[in-house]
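Participant: Okay, here's the structure, questions in a sec.
The values are calculated or read from the model by the stated rules, or taken from the named source; none is laboratory data. Owing to the predicted nature of the structure, the values given are computational and were not obtained by experimental measurement. Heads up, the Cβs are rebuilt from the backbone with ideal geometry, glycines too, and the neighbour counts pull from every protein chain shown. Just so you know, the surface numbers come from the protein's heavy atoms only, side chains and all, with ligands and any DNA or RNA stripped out. Shrake-Rupley method; radii C 1.70, N 1.55, O 1.52, S 1.80 Å.
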Amino acid sequence: MSELKRQWWKEGVVYQIYPRSFQDTTGNGVGDLNGITKRLDYIKSLGVDIIWLCPVYQSPNDDNGYDISDYRTIMAEFGTMKDFDALLSGMKSRGLKLIMDLVANHTSDEHFWFQESRKSRDNKYRDYYHWWPAEKGTPPKRWSYFDVDGNAWKYDKLTDSYYLHYFSVKQPDLKWENPEVRKEIYNIIRFWFDKGVDGFRMDVIPFISKDTTYPELPEKYKGNYVSYYSEGPRLHEYLHEMNQEILSKYDVMTVGEAPGITLDKALDFVDEEREELNMFFHFDLMSLDRDGDEVFWMRNDKWKLTEFKKVHSDWDKVFAKRGWGSMFLSNHDFPRSVSRWGNDSPEHWRNASTMLHTFLLTMRGTPYFYFGDEIGMTNVRFDTIEDYKDINTLNRYELLKQSDISLDDFIENEKEAARDNARTPMQWDSSTYSGFTESKPWIKVNSNYKTGINVAAQENDSHSVLNYFKKMVLLRKHHLGLVYGDYELLLEDNEEVYAYTRIFESEKYLILLSFSENKTTVDIDEVSFKNAELLISNDTTLKSQSIPNFHLKPYQACVYELT
Ligand code: GLC
């Protein structure tokens, strides 16, 4: 058994909210803070403990709030600071914790700092951002996620210089090398902690440190900019400093979004002794079904279950003794989990959704659920570019016009891969616009809210995905071994069933998850046990099983206690 360091953020279940799409109360088609407050009893009823709120700060919304123009003001579309305070106090009174999104690699170009910085080369804020004077020639290539030309340097005529933006032209990168910038960020963090916020999810945090000599991309990266961006020379110095200056002074949790971070680097971020972060989201699973580079990232649906298992087994191992992991299958940047990792056909949707819930809630590592996954929301699969709102899809569409990849193929790809699949409104009931809003929503609602994928219908159905989710959350709560127990993979080569044990002191659990459309039988002879008591299954007809042969229906999930 690994050394036990109990923490609320290890035992909690996280529920992520994309505020724009959760609940509108003003009738403008955009979700808002009062909408979340209105739904707090629902959130509490799920059994989750922690809410992660995607950015709600003032923003021109080039990237839906990930471009912040004022870190201490609430975006007008979402409400006011008074609404925020009411939301927070509503959470506190229900025993819910709140983590916010810290977007500190970049700001909006409409932030006061950048407005000043652009003005002149000797402006007080000039050194808050990365500038390259044009008289030095064209800067060495940097790749940008959201630029129509894929170029992360934007020429700014006013001072005859280029500024750096790893994301869109409206998201200039902050210069953490400047101690004043770091101080500003720590003060922002303090502002929110003093309000009672319980932590932060840190957006693209490994990208904050840059080599300010801006060399050509070193040979060893073989053109992979993301790896280069994620290991800047002073990254760990900054994370440690942030921890010491501010994080360590509060009882809070931190989870970094960590593109580019590989297994061998994991503990540098989260080993307790390093005093940096608590946990982070790696990208190994998220790239499992993708081919090509980030620009032309195309979906490859031929991923294998053995690869899926390997990703999770490898990451579990890294944190077995030190640090802590995070578990997620979807978020606002990826398609819906049941459509991606399960099966959303009418025949299999229910079992696949609940099987995936069972998975996240029986693994070691803090589980993160994206809003709507608890009712099995699926990909919307827009078939025309006009329905898409996301800068990522829209820019890549423009970029592809200059390539030989067909736009039709791209749209087919986006039906499965686009971020907007996860950004459609929450499906509350079967009324017009799914109870999300009373007027036209900012992005179309998935029409399957009419056919059972909505909260109201599922609350009244004891076999619903929603009710299974609640039961499964409770099961984790009541079995500490499912949180802290050691994980051991069984049936490593099986391409249909994911099986593992979790062992903690005298508790021993066996988890069987079918990822197959077919019936399967597995023989569990790698562990010895006399009796397997069924704790939960998404097959409600299941009573007992012949042991050690377990028969599984398509997408069936079972959790057994072994003795
Ligand atoms: C992160 C966010 C994503 C955003 C990007 C730029 O990846 O999760 O939504 O577009 O950072 O801030």
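Participant: Collect the residues in the stretch 148-179 that are within 12 Å of the ligand (Cβ to nearest atom) and among the acidic types (D, E), keeping them in residue-number order.
Facilitator: If the condition is that a residue be within 12 Å of the ligand (Cβ to nearest atom) and among the acidic types (D, E), then D173 is the only one that fits.
Participant: Another one. Scan the stretch 371-395 for residues that are surrounded by fewer than 21 Cβ atoms within 10 Å (Cβ to Cβ) and away from the ligand (no atom under 16 Å from the Cβ) and jot them down.
Facilitator: Those that are surrounded by fewer than 21 Cβ atoms within 10 Å (Cβ to Cβ) and away from the ligand (no atom under 16 Å from the Cβ): R381, D383, T384, I385, E386, D387.
Participant: Which pairs turn up if I take residues in the stretch 514-535 that are within 17 Å of L489 (Cα to Cα) and look for partners that are acidic (D, E) with beta carbon separation below 9 Å, at least 6 apart in sequence or on another chain?
Facilitator: Pairs that qualify, where the first residue is within 17 Å of L489 (Cα to Cα) and the partner is acidic (D, E), are S514/E496; F515/E495; F515/E496; V522/E496; E526/E488; V527/E488.
Participant: Show the residue pairs meeting these rules: Cβ distance below 8 Å; 6+ apart or different chains; first residue within the stretch 199-220 and under 14 Å from Y238 (Cα atoms); second residue open to solvent by 50 Å² or more (accessible area, probe 1.4 Å) and away from the ligand (no atom under 16 Å from the Cβ).
Facilitator: Hits for this filter: P206/E231; S209/P233; S209/R234; S209/E237; D211/P233.
Participant: Here's another thing I want to ask about it. How many residues does the stretch 95-116 contain that are open to solvent by 10 Å² or more (accessible area, probe 1.4 Å) and of a type in the set (F, W, Y)? Give the steps one after another, and end with the answer.
Facilitator: Of the residues in the stretch 95-116, the ones open to solvent by 10 Å² or more (accessible area, probe 1.4 Å) are 95, 97, 109-113, 115-116.
Filter again for of a type in the set (F, W, Y), leaving 112-113.
Looking only at that region, the number is 2.
Participant: Let me confirm something: among S93, S89, S120, which residue is within 21 Å of Y57 (Cα to Cα), out of contact with any Asp or Glu (no Cβ under 7 Å at 6 or more places or on another chain) and away from the ligand (no atom under 16 Å from the Cβ)?
Facilitator: Values: S93 fails: within 21 Å of Y57 (Cα to Cα); S120 fails: within 21 Å of Y57 (Cα to Cα).
Being within 21 Å of Y57 (Cα to Cα), out of contact with any Asp or Glu (no Cβ under 7 Å at 6 or more places or on another chain) and away from the ligand (no atom under 16 Å from the Cβ) holds for just one of S93, S89, S120, which is S89.
Participant: Check E492 against each of (1) part of a loop (DSSP other than H, G, I, E, B); (2) open to solvent by less than 60 Å² (accessible area, probe 1.4 Å) and name the one condition it does not meet.
Facilitator: That leaves (2) as the condition not met.
Participant: Right, next: State whether the residues of the stretch 15-36 include one that is surrounded by fewer than 24 Cβ atoms within 10 Å (Cβ to Cβ), hydroxyl-bearing (S, T, Y), over 17 Å from the mean Cα position of the chain (by Cα) and not in a loop (DSSP other than H, G, I, E, B).
Facilitator: Scanning the stretch 15-36, I find no residue that is surrounded by fewer than 24 Cβ atoms within 10 Å (Cβ to Cβ), hydroxyl-bearing (S, T, Y), over 17 Å from the mean Cα position of the chain (by Cα) and not in a loop (DSSP other than H, G, I, E, B), so the answer is no.
Participant: Any residue in the stretch 389-400 that is on the phi < 0 side of the Ramachandran plot and without any contact (Cβ under 8 Å) to a residue 12 or more places away in the chain sitting within a Cβ distance under 7 Å of a residue that is of a type outside the set (D, E, K, R) and within 16 Å of the ligand (Cβ to nearest atom)? List the pairs, counting only those 6 or more apart or interchain.
Facilitator: L394/Y388
Participant: Would you check if D101 is within 23 Å of G199 (Cβ to Cβ) and either in a strand (DSSP E or B) or within 16 Å of the ligand (Cβ to nearest atom) (or both)?
Facilitator: Details: within 23 Å of G199 (Cβ to Cβ): yes; either in a strand (DSSP E or B) or within 16 Å of the ligand (Cβ to nearest atom) (or both): yes.
Considered against the rule, which asks whether it is within 23 Å of G199 (Cβ to Cβ) and either in a strand (DSSP E or B) or within 16 Å of the ligand (Cβ to nearest atom) (or both), D101 comes out as yes.
Participant: Filter the stretch 147-178 down to the residues that are assigned to a strand (DSSP E or B) and open to solvent by less than 10 Å² (accessible area, probe 1.4 Å) and list them by number.
Facilitator: Initial filter on the stretch 147-178 (assigned to a strand (DSSP E or B)): 151, 153-156, 161-164, 173-174.
Result: S161, L164, D173, L174.
Participant: For the stretch 185-198, how many residues are open to solvent by 10 Å² or more (accessible area, probe 1.4 Å) and in contact (Cβ under 8 Å) with a residue 60 or more places away in the chain?
Facilitator: 5
Participant: Just to be sure I understand the filter: pairs with C-beta atoms under 9 Å, separated by 6 or more residues or on different chains, first member in the stretch 152-172 and at positive phi, second member open to solvent by 10 Å² or more (accessible area, probe 1.4 Å). Which pairs pass?
Facilitator: Cβ pairs passing all conditions: D160/R121; D160/P133; D160/A134; D160/E135.
Participant: Identify, please: which residue in the stretch 50-62 is within 16 Å of the ligand (Cβ to nearest atom) and open to solvent by less than 10 Å² (accessible area, probe 1.4 Å) and is, among those, farthest from L394 (Cα to Cα)?
Facilitator: From the stretch 50-62, those within 16 Å of the ligand (Cβ to nearest atom) are 52-62; that's our starting set.
Then drop every residue that is not open to solvent by less than 10 Å² (accessible area, probe 1.4 Å), which leaves 52-57.
Working: W52: 26, L53: 25, C54: 21, P55: 21, V56: 23, Y57: 23 Å.
Here the answer is W52.
Participant: Are there any pairs, at least 6 apart or on different chains, whose C-beta atoms fall under 7 Å, with the first in the stretch 250-276 and under 26 Å from K195 (Cα atoms) and free of Cβ contacts under 8 Å to residues at least 40 places away in the same chain and the second more than 16 Å from the ligand (Cβ to nearest atom) and open to solvent by less than 60 Å² (accessible area, probe 1.4 Å), and if so, which?
Facilitator: E275/N243
Participant: While we're here: Does the stretch 121-137 contain any residue that is free of Cβ contacts under 8 Å to residues at least 12 places away in the same chain, over 17 Å from K210 (Cα atoms) and in a helix (DSSP H, G or I)?
Facilitator: Initial filter on the stretch 121-137 (free of Cβ contacts under 8 Å to residues at least 12 places away in the same chain): 122-124, 126, 136-137.
Then keep just the ones that are over 17 Å from K210 (Cα atoms); that gives 122-124, 136-137.
After this cut, where a residue has to be in a helix (DSSP H, G or I) as well, the list is 136.
Yes.
Participant: Right, next: Looking at the stretch 132-146 only, could you name the residues that are open to solvent by 30 Å² or more (accessible area, probe 1.4 Å) and in contact with a Phe, Trp or Tyr (Cβ under 7 Å, 6 or more places away or on another chain)?
Facilitator: Within the stretch 132-146, Y145 is the sole residue that qualifies.
Participant: Could you say which residue among G65, G47 is on the phi > 0 side of the Ramachandran plot and away from the ligand (no atom under 15 Å from the Cβ)?
Facilitator: G47
Participant: Here's something else I'd like to know. Considering each residue of the stretch 400-435, count those that are over 22 Å from D24 (Cα atoms), within 16 Å of the ligand (Cβ to nearest atom) and open to solvent by 20 Å² or more (accessible area, probe 1.4 Å), and give that number.
Facilitator: Residues that pass the stated criteria total 0.
Participant: Follow-up question, since we're still on this one. In the set E116, E110, E77, which member is at pLDDT 95 or above and either of a type in the set (G, A, S) or in a loop (DSSP other than H, G, I, E, B) (or both)? Reasoning before the result, please.
Facilitator: Working: E116 fails: either of a type in the set (G, A, S) or in a loop (DSSP other than H, G, I, E, B) (or both); E77 fails: either of a type in the set (G, A, S) or in a loop (DSSP other than H, G, I, E, B) (or both).
Exactly one of E116, E110, E77 is at pLDDT 95 or above and either of a type in the set (G, A, S) or in a loop (DSSP other than H, G, I, E, B) (or both), namely E110.
Participant: Considering only residues that are within 16 Å of the ligand (Cβ to nearest atom) and outside any strand (DSSP E or B), look in the stretch 180-207 and name the one that is nearest to F114 (Cα to Cα).
Facilitator: Taking the stretch 180-207 first, the residues within 16 Å of the ligand (Cβ to nearest atom) are 185, 188, 200-207.
From what's left, outside any strand (DSSP E or B): 185, 188, 203-207.
Details: I185: 15, I188: 17, D203: 19, V204: 20, I205: 20, P206: 22, F207: 19 Å.
Here the residue is I185.
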